[in-house]
Amino acid sequence: MPNKAERDIAINAEWHNAHKMPKNPTVDQRVAWHVEHAKHCACREMTPKIKEMIATYAQTPVRAAAKRIAPRKKDDVMTADWKPTACVLCSINCGLLVQPEGRRIAKIRGDKAHPASRGYLCEKPQRLDYYQSGRDRLSAPLRRRADCSFETIDWATAIREVASKLAAIRDAHGGETIFHYGGGGQGNHLGGAYGRATRAALGSRYTSNALAQEKTGEFWVDGQLFGKPRCHTCPDIEHAEVAVFVGKNPWHSHGFPRARKLLNDIAADPTRTLVVIDPRRTETTEMADFHLQVKPGRDAWLLAAMAEMLIRDDFVDREFLATHGNGFDELTTLLGEIDISRYLAIAGVEASLVETVVRRISGAASVSVLEDLGIQQAPHSTLGSWLEKLLYLLTGNFAKRGAMNIHSRFASLGGGGGAKTAGSPVGGHRLIGGLVPCNVIPDEILTDHPARFRAMIVESANPAHSLADSPRMREALGALECLVVIDVAMTETARLAHYVLPVSSQYEKWECTFFNLEFPENVFHLRRPVFDPLPGTLTEGEIHTRLVRHLGVLDGLPLDELRAAAKNGLADFGMAFLGATMQNPTIMNLAPVVLRETLGSALPEGATDAAVIWGLAQTCAQTYPDAVRRAGVAGDDPLELGNALFRAVMDAPSGLIFTVDEPDATWQRVETPDRRIRLVVPELVDELRSLATEDPSAADGEFPFILAAGERRGSTANTVYRDPDWRREDREGALRVSPEDASRLGLADGARAAIVTKRGRAVAVVRISDTLRPGHITLPNGQGLMFDDGTHVGVAPNELTSGADRDPIAGTPWHKHVHARIEPIAP
């Protein structure tokens, strides 16, 4: 007999076969189809969006309902004073409406038509004109002189010289000695897609980006548990009965759509529970039902003890584990070695409080867990990711509503598999998602090894400021034979470059983000430009296209034939493109530029860079056809479905839901051979056992404090805000110190003190804060940027961090756990 889930799937499939959405549906048809689907498929638990559709249709005419809940029409949007776009300050990229005034952003509000953020907005985007009209924006290509000053050159010269120098290094030493870093900041990912074509043209195999100093440990654990690093899990916070945040303050760092609203919803609901594991008292912990205030860097002991409590007290979902898990008996033995009382004493958390939290998690109908940099950039970070995931796996909170699921993707954020080896070329360091660990980049340059990196393309990134051990990073960048920076502003990295190529801002070009990490409804937003490009700048797509042309790799490709096919429509173009790639597989390596050169000519004026989205839409439609169709996109065959998805993306100025999933889809995305979860990670077993003998409390007489170098605050964001005037509070980024430590050191609020680590020394303003335990100090992220006159405001945290302090598996840095001391400075 089929179970309920199997019957539901069969009923759903039968309805879909009987009720095909019309081809190229109107807004009314699309909405009406969703409403009928929700009414007739009693097997489905309706999403909030569908419920809203039904309620709206019951009260108003069809046209009025469609206007209310569907994306606005292109003509209505583009002729209005308010232009749809998105925030670029964190990974969520909330939808915005902006009102331009000349070349400046005059007013900003939330975009209610955006399907993820739905009008939500925090306070930080209100100052986005500090990015758009930044005082160190670039408007012409620059070439470094022998005396390290820069001269302006024209674009033709810049492209010719950059392509020639990189080609010369490729020809002499191999394309793998040309390293690529970046490929897009927050919300600036479209250019990164084009960078892949330049890398292919040069034979460049190695790449990295900010994910390799944050998320790769978690990705690796996902791969060990579920089959591949791309099996990334996401929490369904909106529907979770219990939400657990580990090393995260979503009030400021978000991490999921409408973060503050959902936090308030959970806090106000007596049937729901908010749990936060964090060494600091934060805005989120103040709202929480339970705050496990772990000592800095000791999360692994706490999480291990919690996992053992679940097993010891038989709070595990044995039916789920028997059906879907491998290795439970081995895990039981391994965790049974833990001395819970000792581990909780090391963690510094009261045992009775932890037991209450464990009992609440085990008894909940649904639990979502979200980890972040607080454990991902601290000792035992990869181990912590495994232990964090055991909390929801042992209790069966996987592949269900309100719990953890494996989401769809519009595009990959990793290295794209360009490197064919398992390790970096010099040190053999592990590559996760194809990314070189950020902390080892200087080691791959500052050596006489023949395979060392000799050239580097840095794109929408600032490793001289954002990566560990800035002094050594600057030394490494200065040792390169050619450093090319593609960016909107004169960053700290750009000041070291041989060539600086200026790009249009994110509000002057077609742009998007590939942080599409939601379940059950996943959202993609292709943004239109709000302003014309700043004169003298180009988009990344245009820069990479010119470089690829100059390198000569487009010669002999059937570009004219593809352009002609594009004029006949997407169906003809798709067949022609597939046929061309079958005859010449090289086209796939150069696909972003080939699409731009061919399909781009048939797109609306100015939308040329959006051509690469067609290829991504095809891949997405082939990978998740059922989920794409549930989102209302119709197509009988894969190519038609991909074309329909591309059209839908182009016609949704406020973004669209591109996949809709049922929890059972998660099991289809588990990629272990038997589609069962591997509960034990063999490579982490020894590290887990080492916790029993490790003494993290051993005093360091020289550096007695633990510095969190990069706290997210209300007055900080990523460094696209380069002008410190955007910060109306905490302008200099104060060093936060506990009252006990301030009293012992004789520090007054507002005094200055030096922070000293084994890598550097910096001076900061002191702020006394009772949110910290004694011995724990913090500095904010995003400070210490350098300006043309040599001045800077605040402390650049990576002047104090060490590249050697990193996770043994993923190589991620310990930015949240830097040993330091404080030296008071006399007034």
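Between residue 572 and residue 228, what is the spin-label point distance in nm, taking each point 7 Å from the Cα along the Cα→C-beta axis?
Distance between the two pseudo-spin positions: 3.5 nm.
If each residue of separation counts as 0.36 nm, what is the full-extension length gain between residue 104 and residue 165 once their alpha-carbon separation is subtracted? Show your work: numbers first, answer last.
On the way: separation 61, 0.36 × 61 = 21.96 nm, distance 3.71 nm.
Value of the extension gain: 18.3 nm.
Hey, if we sort 787, 290 by accessible area with the 1.4 Å probe, largest down, what's the order?
Numbers: 787 15, 290 45 Å².
If we order 787, 290 from most to least accessible, we get 290, 787.
Per residue, how much accessible area does the stretch 747-814 have with a 1.4 Å probe, in Å²? Let's see the in-between values first.
Numbers: 2480 Å² over 68 residues.
Accessible area per residue: 36 Å².
For the chain, what is the calculated [θ] at 222 nm in deg cm²/dmol (nearest 500), taking -39500 (n - 2.57) for each run of four or more DSSP H residues and dividing by its residue count?
Working: 32 runs with 302 residues, N = 827.
Counting only the DSSP helices, I get -10500 deg cm²/dmol.
Pop the C-beta distance of residue 475 and residue 622 into the FRET formula with R0 = 45 Å and round what comes out to the nearest 0.05.
0.50
Hey, if we sort 404, 588 by accessible area with the 1.4 Å probe, largest down, what's the order?
The most accessible residue leads, giving 588, 404.
Residue by residue, what Karplus-based ³J(HN,Hα) values in Hz, rounded to whole numbers, does the stretch 98-107 have, using 6.51, -1.76 and 1.60 with θ = phi - 60° and x for Gly and Pro?
10, 10, x, 9, x, 9, 10, 8, 8, 9
Taking the Cα centre of the chain as origin, sum charge times position over the Cβ atoms of Lys and Arg (+1) and Asp and Glu (-1), and report the length of that vector in debye to the nearest 20. Walk me through the numbers on the way to the answer.
Working: 96 positive and 104 negative charges, 348 e Å.
Charge dipole, the chain, about its Cα centre: 1680 debye, nearest 20.
If I ignore ligands, DNA and RNA and count only protein heavy atoms, how much of residue 815 is accessible to a 1.4 Å probe, in Å² to the nearest 10?
It works out to around 10 Å².
Taking 0.36 nm per intervening residue step and subtracting the Cα-Cα distance, what contour gain separates residue 81 from residue 667 on full extension?
Gain on extension, residue 81 to residue 667, equals 206.4 nm.
For residue 350 and residue 763, calculate 0.36 nm times their separation in residues minus their Cα-Cα distance, and state this gained length in nm to one decimal. Let's see the in-between values first.
Working: separation 413, 0.36 × 413 = 148.68 nm, distance 3.59 nm.
My answer for the length gained is 145.1 nm.
Calculate what fraction, in whole %, of the accessible area of the chain sits on carbon and sulfur atoms when a 1.4 Å probe is rolled over the protein chains.
Answer for the chain: carbon and sulfur cover 50 percent of the accessible area.
Using only the Cα atoms of the chain, what semi-axes does the equivalent ellipsoid have when each is the square root of 5 times a gyration tensor eigenvalue? Give whole Å, largest first.
39, 36, 26
Taking only C-alpha pairs under 8 Å that are 6+ residues apart, what is the relative contact order of the stretch 331-412 in percent?
Values: 43 pairs, mean separation 20.2, N = 82.
25 percent.
Run the simple label-point estimate for residue 792 and residue 319 please: 7 Å along Cα→C-beta, distance reported in nm.
5.9 nm
Considering only DSSP beta bridges with both partners in the chain, what is the antiparallel share in %, to the nearest 5?
On the way: 41 of 83 bridges.
Rounded to the nearest five, the antiparallel share is 50 percent.
May I ask you to evaluate 6.51 cos²θ - 1.76 cosθ + 1.60, the Karplus curve with θ = phi - 60°, for each residue of the stretch 614-630 and list the ³J(HN,Hα) values in order in whole Hz, giving x for glycine and proline?
Using θ = phi - 60°, the values come out as 4, x, 5, 5, 4, 5, 4, 5, 6, 7, 10, x, 5, 5, 5, 5, 5 Hz.
Report P(r) for the stretch 666-768: all Cα-Cα distances, bin width 10 Å, range 0 to the bin holding the largest distance, values in whole percent.
Going from the shortest bin to the longest, the percentages are 10, 26, 22, 19, 17, 6, 0.
Per residue, how much accessible area does the stretch 311-399 show when a 1.4 Å probe rolls over the protein heavy atoms, in square angstrom?
Ligands and nucleic acids excluded, the result is 34 Å² per residue.
For the chain, calculate the relative contact order in percent as a whole number, restricting contacts to Cα pairs under 8 Å that are 6 or more residues apart.
Normalised by residue count, the contact order of the chain is 17 percent.
Heavy-atom accessible area of residue 162 with all protein chains present, probe 1.4 Å, nearest 10 Å²?
0 Å²
Residue by residue through the stretch 268-285, what is 3J(HN,Hα) from phi via Karplus (6.51 cos²θ - 1.76 cosθ + 1.60, θ = phi - 60°)? Round to whole Hz and write x for glycine and proline.
8, 9, x, 8, 10, 9, 10, 10, 10, 10, 7, x, 10, 8, 10, 4, 6, 5
Which one, 804, 777, 825, projects farthest toward the positive side of the charge dipole computed for the stretch 670-827 from Cβ point charges (K/R +1, D/E -1)?
Among 804, 777, 825, the one farthest towards the positive end of the dipole of the stretch 670-827 is 777.
Can you give me the C-alpha center-to-center distance between the stretch 307-336 and the stretch 698-729, rounded to a whole angstrom?
39 Å
Restricting to Cα pairs below 8 Å that are 6+ residues apart, what does the relative contact order work out to for the stretch 244-367? Please round to a whole percent.
24 percent
Counting only heavy atoms of protein chains, what accessible area per residue, in Å², does the stretch 170-275 have with a probe of 1.4 Å? Please report the intermediate quantities before stating the final value.
Details: 2700 Å² over 106 residues.
Here the residues of the stretch 170-275 average 25 Å² of exposed surface.
Say the dipole of the stretch 479-628 comes from +1 at the beta carbon of Lys and Arg and -1 at that of Asp and Glu; which of 574, 501, 562 then lies farthest toward its positive end?
562
Which one of 320, 488, 709 has its Cα pushed farthest toward the positive end of the charge dipole of the chain, where Lys and Arg give +1 and Asp and Glu give -1 at the Cβ?
488
Between residue 636 and residue 339, what is the label-point separation in nm under the 7 Å Cα-to-beta-carbon projection?
7.1 nm
Pick out, in residue order, every one of the chymotrypsin sites (Phe, Trp or Tyr not before Pro) in the stretch 205-259 that is DSSP loop and has at most 10 other C-beta atoms within 10 Å; say none if there are none.
For chymotrypsin sites (Phe, Trp or Tyr not before Pro) across the stretch 205-259 that sit outside H, G, I, E and B with at most 10 neighbouring Cβ atoms in 10 Å, the list is empty.
Rounded to the nearest 20 debye, what is the charge dipole size of the stretch 617-698 about its Cα centre when +1 sits on each Lys and Arg Cβ and -1 on each Asp and Glu Cβ?
About 220 debye.
With 18 Å as the limit, write out which pairs from 124/261; 228/389; 215/248; 295/816; 165/509 have Cα-Cα distances beyond it, or answer none. Mind showing how you got there, number by number?
Details: 124/261 16 Å; 228/389 15 Å; 215/248 13 Å; 295/816 12 Å; 165/509 28 Å.
Flagged as over cut-off: 165/509.
Rounded to the nearest 20 Debye, what is the dipole magnitude of the stretch 466-520 about its Cα centre when Lys and Arg each give +1 and Asp and Glu each give -1 at the C-beta?
140 debye
The values are calculated or read from the model by the stated rules, or taken from the named source; none is laboratory data. The structure presented is a predicted model; accordingly, all values stated were derived computationally and were not measured. Ideal geometry is used to build each Cβ from the backbone, glycine not excepted, and the neighbour counts take in all protein chains shown. Remember, those area values only see protein heavy atoms, side chains included, never the ligands or the DNA or RNA. Shrake-Rupley method; radii C 1.70, N 1.55, O 1.52, S 1.80 Å.
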